[in-house]
Structures are given as C-alpha cells and as structure tokens.
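Report on one structure; see the data block that follows.
The values are calculated or read from the model by the stated rules, or taken from the named source; none is laboratory data. Only a predicted model underlies this, so the values are computations on that prediction, with no experimental measurement involved. Quick reminder, even Gly has a Cβ in these numbers, built from the backbone with ideal geometry, and neighbours come from all protein chains shown.
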Amino acid sequence: MTTFGKRLKQARGRRGLTQNQVAEMLGIDFTTLSKYENDKSQPDHQTLRELASMYEVSIDWLLTGDRLPTAGIPPNRLTVGDLEEELTDEEAARLLEYLEMLRLLRAKREKERRQREKEQAARQAEHKSGAGRGAGRQRDA
C-alpha cells in the first residue's frame with residue numbers, strides 16, 4: 001500500500017513539476033514539501049486542497065489512494081457551477097495549458113508580493129534605526 005507521501009510525489013511527477021516549482025506556487029519552502037512527500041509531516045487543509053487541485057487529483061485519492069468512481073463521465077466534460085460543457089480534445093488541452101499558465105502567474109505574483117513586503121519591512125527597519133542615530137547627532141551639534 002502506498003503512503004500519502006508517495007502518492008503526493010507520484011502526482012507531482014505526473015505533472016512534470018519539481019519540488020521547487022510546487023513550493024513556489026504554494027508559497028512554502030521546498031523542504032516543507034519534501035517532508036510531506038517523505039511522510040514526515042502533513043499539510044494543512046488549505047494546502048491539501050491546493051495540492052489536489054494543482055496535481056488534478058482528488059483529495060480522497062491523496063489521503064487514501066481510493067479513486068472516485070468516474071464511470072459514465074466523459075473525459076472532456078467541464079462543469080463550473082450550473083454550466084456544463086463538452087470540450088473537444090484540443091479545447092481541453094488548451095484549457096489545461098491556460099490553467100497552468102494562470103497557476104504559474106499566480107505563483108509569480110505571490111512571490112513578487114512577498115518580496116515587496118520584505119523590502120518594505122527592511123526599509124522601515126532601516127528608517128527606524130537611521131532616525132534614532134540622526135536625532136543623537138543633532139543633539140551633539
């Protein structure tokens with residue numbers, strides 16, 4: 001029987017993603033993902049949902065290895081809310097490419113946002129430490 005970590009690694013491999021790529025998309029450290037894949041740690045519920053979505057597998061399968069019944073469901077059926085569409089193979093492939101592009105863009109934006117926050121915090125810390133030194137010099141003059 002395969003473990004959660006092995007299924008997680010298998011699903012990542014099927015998508016052709018590295019641990020670094022997945023970690024960046026999720027906004028976590030790659031060592032955290034490695035711990036998940038080596039059954040040293042478990043993701044929280046939100047991360048589990050994001051992993052299942054990213055890997056295009058069910059949460060049920062990740063947790064138990066059980067597949068949900070899919071008999072009778074056409075492979076290229078898209079259902080969003082009350083909207084249900086049959087897609088051609090080409091449409092399905094393009095939609096998957098578009099979804100992957102959106103996920104990568106979201107990860108890039110999140111990374112840029114975190115970088116801006118770090119830079120802003122560094123500027124604020126520098127400003128605070130600089131303000132204290134400047135006030136002392138004025139008193140000495």
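Between Lys40, Lys35, the distinction of being in a loop (DSSP other than H, G, I, E, B), farther than 22 Å from Leu99 by Cβ and either at pLDDT 95 or above or out of contact with any Gly (no Cβ under 9 Å at 6 or more places or on another chain) (or both) belongs to Lys40 only.
The set of residues from region 21-32 being loosely packed, with under 15 Cβ neighbours inside 10 Å and within 14 Å of Arg106 (Cβ to Cβ) comprises just one member, Gly27. Going by what's in this entry, would Lys35 be described as in contact with a Ser or Thr (Cβ under 7 Å, 6 or more places away or on another chain) and surrounded by fewer than 18 Cβ atoms within 10 Å (Cβ to Cβ)? Yes; evaluated as a whole, the condition is true for this residue. Against the condition modelled with pLDDT of 95 or more and assigned to a helix (DSSP H, G or I), how does Leu48 come out, does it pass? Against the criterion (modelled with pLDDT of 95 or more and assigned to a helix (DSSP H, G or I)), Leu48 does not qualify. Scanning region 18-32 for residues that are part of a helix (DSSP H, G or I) and either within 18 Å of Leu102 (Cα to Cα) or small (Gly, Ala, Ser) (or both) yields Asn20, Gln21, Val22, Ala23, Glu24, Met25, Leu26.
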